Amino acid sequence: MIIFKAEIERFEAMGEKTGWSYIFIPAALASTLNPTCKTSYRVKGLLDNLAIRGMSVMPMGEGDFILALKAEIRKQLRKEAGAELHVQLEVDPTFKIELPIELEMTLQEDQTCMENFLKLTKSHQNYFINWYNSAKTEATRIKRLMMIYKAMEDNMTFPEMMRAGKAQARL
């Protein structure tokens, strides 16, 4: 476990990360938390007094990592960019995101779609799964199922699918 203080920061211009709020985890701390790991992994712990679980720590190069803070988390913390957090983190080896049965059945309709999905890294599979699971209505869930199916047919990553969806909406 690592314990440290961090300031909430925000990316101004950083490609697809533009606008993200995050805390920075320097290489020295990251190597204590998960030695030799250079890829994303899940953590659990406390941000101030807010318990977190299954959040992804992402590499930023040279051994440094970031922990993105979604609006929901910042709202619960009642903090935004510039605020200081007391952070306690440890690796969360038990966290797994399950493939929803509807998504699995849809992808299995075409062997290529399922193969393309399974070729993605676990973290990229999770982007699709979390996006699908966040749908609030049945109509949105069905629309997202079809978008994911089409993306797997076309062998797209999550960002490619989202960009294609935005381009389609503009037409």
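Side notes on the structure shown:
- Set side by side, the residues 51, 30 differ, and just one is over 30 Å from residue 156 (Cβ atoms) and crowded, with 17+ Cβ neighbours inside 10 Å, which is 30.
- Scan segment 36-53 for residues that are assigned to a loop (DSSP other than H, G, I, E, B) and either closer than 21 Å to residue 74 by Cβ or in contact (Cβ under 8 Å) with a residue 12 or more places away in the chain (or both) and the total you get is 5.
- Selection of segment 104-162 for residues being surrounded by 13 or more Cβ atoms within 10 Å (Cβ to Cβ) and assigned to a loop (DSSP other than H, G, I, E, B) yields 110, 120, 135, 155, 156, 157.
Values in this text are rule-based calculations from the coordinates and carry no lab data. All figures in this text were calculated on a predicted structure; none of them were measured in a lab. Note: ideal-geometry Cβ built from the backbone for every residue, glycine included; neighbour counts use all protein chains shown.
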